[in-house]
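Comments concern the structure below.
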Amino acid sequence: MDRARPAVPGRAAAPRGVAGSAGLTLSPSALLARTRTGVLHLHFGVRGGRTALLRDTQKAPLMVIRPFELPCGTLMVFIVNPTGGVLGGDHAEIRVTVEGGARVLILTQSATRVQPSPDGRPATQDVQFQVAAGGRLEYHPERTIPFAGSAFAQTLTAELEEGAQFALTETLASGRVQTGERLAFASYQSRVQVSVAGRRVYLDRQRLVPGEHTRAPGVWGSHDYQASGVFVGGEPPTTLPGVPGVLASGVSAGGAVWLRGVASRGPDLDRALLSARESLRRQLWNAEPAQVRR
């Protein structure tokens, strides 16, 4: 395995500045502007008839816990960020390659907490997936929670060969709802694109910039939690999952199954989303329940 050595944590900032390695004096504001770039590259394949993590590159604060094989034969991996969240200017780079025949489920250990950005710079995340024909990749991260004054921008691209299978579901909170931070973040942007053999089958773009007169954007209304997702590959579904007033689904012009949901309570949305996921996995791929162990 290739593992990048994490940087040694710096010392605490002095009130009037700190001498740098070249004799320069760094102001407290310059120290606060320091950012982190996490890197995680994972390559999965089949060895001895079982899915295996063949290569990985990890740079703090991104890392993975030892893979676990589920009863259905899928290899499950948790992405971990041991810090208290992402800060303005932080960047995460995630690359995942899945060879033919491999079955991979990627989860995150905890919610993504987007911390306030005093200088307005967004925390950014760039995710790229490649899945070969006959391979399957499922990515279901925990909820993104943007704190008051935070900014976040994400790009996720999935390039699939013909015959590959892919699933993604994500949930977003309107903020730290229990502390009264509803739609108090500065901005949230997301672009998700899925292509099959170079042909785009799904594109979802969101840009949320709350303001005095935009406290109920789009389909959110008075709700505090949003979900979105896409499933690609396999047989067309006979029944599209949905929960009236909570979750809807449909089929894109490219043949991808999309999901969209809103709810006032996170657990209500999570239950609807999990039920929809298992229904689509069964219908599209004839897959057994994932039976995730945490």
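Go through segment 263-280 and give me each residue that's within 20 Å of residue 175 (Cα to Cα), open to solvent by less than 70 Å² (accessible area, probe 1.4 Å) and of a type in the set (D, E, K, R).
Result: 268, 270.
Looking at this structure, is residue 260 open to solvent by 50 Å² or more (accessible area, probe 1.4 Å), at pLDDT 95 or above, closer than 30 Å to residue 100 by Cα and under 23 Å from the mean Cα position of the chain (by Cα)?
Numbers: open to solvent by 50 Å² or more (accessible area, probe 1.4 Å): yes; at pLDDT 95 or above: yes; closer than 30 Å to residue 100 by Cα: yes; under 23 Å from the mean Cα position of the chain (by Cα): yes.
For residue 260, the condition - open to solvent by 50 Å² or more (accessible area, probe 1.4 Å), at pLDDT 95 or above, closer than 30 Å to residue 100 by Cα and under 23 Å from the mean Cα position of the chain (by Cα) - is met.
Could you tell me which numbered condition residue 190 fails, if it satisfies all but one of (1) farther than 18 Å from residue 129 by Cα; (2) open to solvent by less than 60 Å² (accessible area, probe 1.4 Å)?
(1)
Does residue 276 satisfy the criteria of being over 30 Å from residue 116 (Cα atoms), hydrophobic (A, V, I, L, M, F, W, C) and either free of Cβ contacts under 8 Å to residues at least 40 places away in the same chain or part of a helix (DSSP H, G or I) (or both)?
Criteria met by residue 276.
Surrounded by fewer than 22 Cβ atoms within 10 Å (Cβ to Cβ) and of a type in the set (Lys, Arg): which single residue out of 136, 182 fits that description?
Step by step, each of 136, 182 is checked, and only 182 is surrounded by fewer than 22 Cβ atoms within 10 Å (Cβ to Cβ) and of a type in the set (Lys, Arg).
Among the residues of segment 100-114, how many are part of a loop (DSSP other than H, G, I, E, B) and surrounded by fewer than 19 Cβ atoms within 10 Å (Cβ to Cβ)?
5
Do the conditions hold for residue 74, that is, is it touching a helix residue (DSSP H, G or I) at 6+ places or on another chain (Cβ under 7 Å), in contact (Cβ under 8 Å) with a residue 40 or more places away in the chain and either buried (at least 16 other Cβ atoms within 10 Å of the Cβ) or under 20 Å from residue 233 (Cα atoms) (or both)? Steps first, answer last, please.
Details: touching a helix residue (DSSP H, G or I) at 6+ places or on another chain (Cβ under 7 Å): no; in contact (Cβ under 8 Å) with a residue 40 or more places away in the chain: yes; either buried (at least 16 other Cβ atoms within 10 Å of the Cβ) or under 20 Å from residue 233 (Cα atoms) (or both): yes.
Criteria not met by residue 74.
So, residue 83, is that one of a type in the set (Ser, Thr, Tyr) and surrounded by fewer than 16 Cβ atoms within 10 Å (Cβ to Cβ) or not? Break it down stepwise before answering.
On the way: of a type in the set (Ser, Thr, Tyr): yes; surrounded by fewer than 16 Cβ atoms within 10 Å (Cβ to Cβ): yes.
Taking the combined requirement at face value, the residue satisfies it.
Taking residue 192 as meeting all but one of (1) closer than 18 Å to residue 260 by Cα; (2) of a type in the set (Val, Ile, Thr); (3) touching a residue at least 40 places away in the same chain (Cβ under 8 Å), write down the number of the exception.
Answer for residue 192: the failing condition is (3).
Within segment 49-71, track down each residue that is part of a strand (DSSP E or B), open to solvent by 50 Å² or more (accessible area, probe 1.4 Å) and either closer than 18 Å to residue 288 by Cα or in contact (Cβ under 8 Å) with a residue 40 or more places away in the chain (or both). Explain how you work it out, then say what you get.
Within segment 49-71, the subset part of a strand (DSSP E or B) is 50-59, 63-64, 68-69.
Those left that are additionally open to solvent by 50 Å² or more (accessible area, probe 1.4 Å): 50, 55, 59, 63, 68-69.
Those that are part of a strand (DSSP E or B), open to solvent by 50 Å² or more (accessible area, probe 1.4 Å) and either closer than 18 Å to residue 288 by Cα or in contact (Cβ under 8 Å) with a residue 40 or more places away in the chain (or both): 50, 55, 59, 68, 69.
If you go through segment 108-133, how many residues are farther than 19 Å from residue 188 by Cα and β-branched (Val, Ile, Thr)?
The number of residues fulfilling the criteria is 2.
Please note which strands (runs of 3 or more DSSP E) are completely contained in segment 176-249 and include at least 2 residues that are within 21 Å of the chain's Cα centre (by Cα) and among the polar types (S, T, N, Q).
Passing ranges, in order: 187-196, 225-232.
Against the condition more than 26 Å from residue 174 (Cβ to Cβ), in contact (Cβ under 8 Å) with a residue 60 or more places away in the chain and not in a helix (DSSP H, G or I), how does residue 255 come out, does it pass?
Considered against the rule, which asks whether it is more than 26 Å from residue 174 (Cβ to Cβ), in contact (Cβ under 8 Å) with a residue 60 or more places away in the chain and not in a helix (DSSP H, G or I), residue 255 comes out as no.
Check segment 121-134 and report whether any residue there is hydrophobic (A, V, I, L, M, F, W, C), touching a Lys or Arg at 6+ places or on another chain (Cβ under 8 Å) and farther than 30 Å from residue 73 by Cα.
Checked against the condition, which is being hydrophobic (A, V, I, L, M, F, W, C), touching a Lys or Arg at 6+ places or on another chain (Cβ under 8 Å) and farther than 30 Å from residue 73 by Cα, segment 121-134 yields no hits at all.
For segment 238-259, enumerate the residues that are over 14 Å from residue 167 (Cα atoms) and not small (Gly, Ala, Ser).
The answer is 238, 239, 240, 241, 243, 244, 246, 247.
The values are calculated or read from the model by the stated rules, or taken from the named source; none is laboratory data. Computed from a predicted structure; not experimentally measured. Using ideal geometry, Cβ is built from the backbone for each residue, glycine included, and neighbour counts are taken over all protein chains shown. Quick note on the areas: whole protein, heavy atoms, side chains included, nothing else; ligands and nucleic acids left out. Shrake-Rupley method; radii C 1.70, N 1.55, O 1.52, S 1.80 Å.
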